[in-house]
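Engineer: Got a structure for you, written out below as structure tokens; questions coming shortly.
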Protein chains: 2
Amino acid sequence: MSKSELNLMADAACCAEPVVRDPLTHTEAAELAAVFKALSDPVRLRLLSLVASRAGGEACVCDISDGVEVSQPTISHHLKVLREAGLLTSERRASWVYYRVVPEAFARISSALSTEDVPA
Amino acid sequence: MSKSELNLMADAACCAEPVVRDPLTHTEAAELAAVFKALSDPVRLRLLSLVASRAGGEACVCDISDGVEVSQPTISHHLKVLREAGLLTSERRASWVYYRVVPEAFARISSALSTEDVPA
């Protein structure tokens, strides 16, 4: 998917109110802040990038624990935080839970941070 | 500035490593996480949107304290956090400090969250 397609999708489906167009309401600010809070931990960001950069765009804890300095239970906790923030989806297969990024969630954040309407 | 110009600028000048292309290094993850931490507070997000949506794209504490439920010293603290994260610049004029958004910082985050290279 190209960046322009992603932007279109963000405009059509995700519709996060841009931070820089109108003042955010309390509700909008609380929702966005919760997603940014999930992204505000370096280990979580590294795990997110490890999941997203895997061939097939998904990974289980077993796939990514080698590259990270924390234990598997800690990795599972961080992945759960990312899932609860809507940035990952999960699917259990046999003994493992597989995680996959949610492109719409990333598009929503990009849409919220769009500066195309910053007053000159 | 159009979104495409902003993307070009992000590609040319800001060059945040996309979270979803390659695993982030420790340094990249720490830098990005610090910016997301600044954005992870609902009051800070509302203040950021109040500054950015003002005519002229800038505001001082005196301009935005009416719309926010916290004291002026607390507002000043939050604006300082946003400035230290590179999301706002500040300039003192007479008795007041004026804040302005940094579009390049927003473009950098959008670039880091681009999902155009997520493996199919």
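Any read-out appearing in this document is the output of simple, stated calculations on the displayed coordinates, not a laboratory observation. Small disclaimer: the values here were computed from a predicted structure and weren't measured. Here Cβ is always computed from backbone atoms with ideal geometry, including for glycine, and neighbour counts include all displayed protein chains.
Engineer: Taking θ = phi - 60°, what integer Hz values does the Karplus form 6.51 cos²θ - 1.76 cosθ + 1.60 yield along the range B:81-92, in sequence order, with x for Gly and Pro?
Structural biologist: 4, 5, 5, 5, 7, x, 8, 10, 10, 9, 8, 7
Engineer: Another question about this same structure. Taking H as built 1.01 Å from N, whose amide H comes closer than 5 Å to the amide H of B:VAL97, not counting residues under 5 places away?
Structural biologist: B:VAL61
Engineer: Also: Can you tally the net charge around B:VAL97? Count Lys and Arg as +1, Asp and Glu as -1, for every other residue whose Cβ sits under 12 Å from the Cβ of B:VAL97.
Structural biologist: Surrounding charge for B:VAL97 is +2.
Engineer: Evaluate the distance, in nm, between pseudo-label points positioned 7 Å from the Cα of B:GLU91 and of B:ALA55 along their respective Cα→Cβ axes.
Structural biologist: Each label point is offset 7 Å from its Cα along the Cβ direction, giving 1.8 nm.
Engineer: Once phi is turned into ³J(HN,Hα) by the Karplus curve 6.51 cos²θ - 1.76 cosθ + 1.60 with θ = phi - 60°, what whole-Hz value does each residue of the range A:47-59 show in order, with x for glycine and proline?
Structural biologist: 4, 4, 5, 5, 5, 5, 8, 5, 4, x, x, 9, 7
Engineer: I'd like the GluC sites (Glu not before Pro) in the range B:46-95 restricted to DSSP loop residues with at most 10 other Cβ atoms within 10 Å, sorted by number.
Structural biologist: B:GLU69
Engineer: Report the Cα centroid-to-centroid distance between the range B:43-91 and the range A:80-107 in angstrom, as an integer.
Structural biologist: Comparing the Cα centres of the range B:43-91 and the range A:80-107, I get a distance of 34 Å.
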